[in-house]
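Let me begin by presenting the structure, written as structure tokens, before commenting on it.
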Amino acid sequence: MSSWADTGLFLREFVRDPLHTAAVAPSSPALAAAMTAPLLASGPHPVIVELGPGTGSFTRAIQQRIGGRGRHVAVELHPGWAQLLQERHPDVDVVRGDVRELAAILADRGVTRVDAVVSGLPWVAYTPAPGGRPLHAVITDVLAPTGVFTQFAYTWSRWAPPARRQLGDLRAHFGDVVISPTVWRNMPPAVVYEARRPR
């Protein structure tokens, strides 16, 4: 499928459900490279978890970074995208499921700790349900002490109150949060949050 066709898929989903679709178009190779750069230091047999992979922009980059080493589990709630992703990347363990059930999803696969979590989820996904746990807590539960979490945000939205709240929550759950320079070769331009030292 062409990148134009993928863009059409994203636009349709964004119009249908803008609160639960992170992007209006697939992420660029430049953003995918920035999101997955920390994986180069993830060890000889890394376990990588991808949240909300969509049509697979980050999936491709993760596969290139790990080069057939370790395991790559991708959790996607949208059934059509989960099926598309499995067809495109048969070596990836694609799970159609809710990321809030991440610990159980990984336990079913015999995984107790992961080396990296790469998230393509929208910020709204991090808002806990009434009585529920913050998604960052779900992520730190499974992340190894030396693990890394990456999340992107569009530059035009990162100063909005929801994004600022989520950044505060991210800093509450990780001891070290670094914000990348703007990735201009993405539409819209974006930054990457790289979080380490899970609390």
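Annotations
- Pairs where the first residue, in the range 150-165, is closer than 20 Å to P134 by Cα and the second is crowded, with 16+ Cβ neighbours inside 10 Å and of a type in the set (D, E), C-beta under 8 Å, 6+ apart: T150/E194
- Among residues of the range 125-178 being among the β-branched types (V, I, T) and assigned to a strand (DSSP E or B), the one that is nearest to R196 (Cα to Cα) is V148.
- Within the range 110-124, tally of residues that are farther than 14 Å from E50 by Cα and surrounded by 19 or more Cβ atoms within 10 Å (Cβ to Cβ): 1
- Counting only residues that are β-branched (V, I, T) and either at pLDDT below 95 or surrounded by fewer than 17 Cβ atoms within 10 Å (Cβ to Cβ) (or both), the range 154-184 holds 4 of them.
Per-residue answers, yes or no, for (1) under 20 Å from S28 (Cβ atoms); (2) of a type in the set (F, W, Y); (3) surrounded by 17 or more Cβ atoms within 10 Å (Cβ to Cβ):
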position	(1), (2), (3)
H45	no, no, no
S57	yes, no, yes
Q64	yes, no, no
G68	no, no, no
V75	no, no, yes
H78	no, no, yes
R88	yes, no, no
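- In the condition set (1) of a type in the set (A, V, I, L, M); (2) farther than 12 Å from E50 by Cβ; (3) part of a helix (DSSP H, G or I); (4) in contact (Cβ under 8 Å) with a residue 40 or more places away in the chain, A103 is compliant with all but (4).
- Taken as a whole, the condition of being part of a loop (DSSP other than H, G, I, E, B), on the phi > 0 side of the Ramachandran plot, in contact with a helix residue (DSSP H, G or I) (Cβ under 7 Å, 6 or more places away or on another chain) and not hydrophobic (A, V, I, L, M, F, W, C) does not apply to G68.
- Within the range 128-150, the set of residues being farther than 21 Å from G110 by Cα and surrounded by fewer than 14 Cβ atoms within 10 Å (Cβ to Cβ) comprises A129, P130, G131, G132, R133.
The values are calculated or read from the model by the stated rules, or taken from the named source; none is laboratory data. From a predicted model like this one, the values you see are computed outputs, not experimental measurements. Every residue, glycine among them, receives a Cβ derived from its backbone with ideal geometry; neighbour counts consider all protein chains shown.
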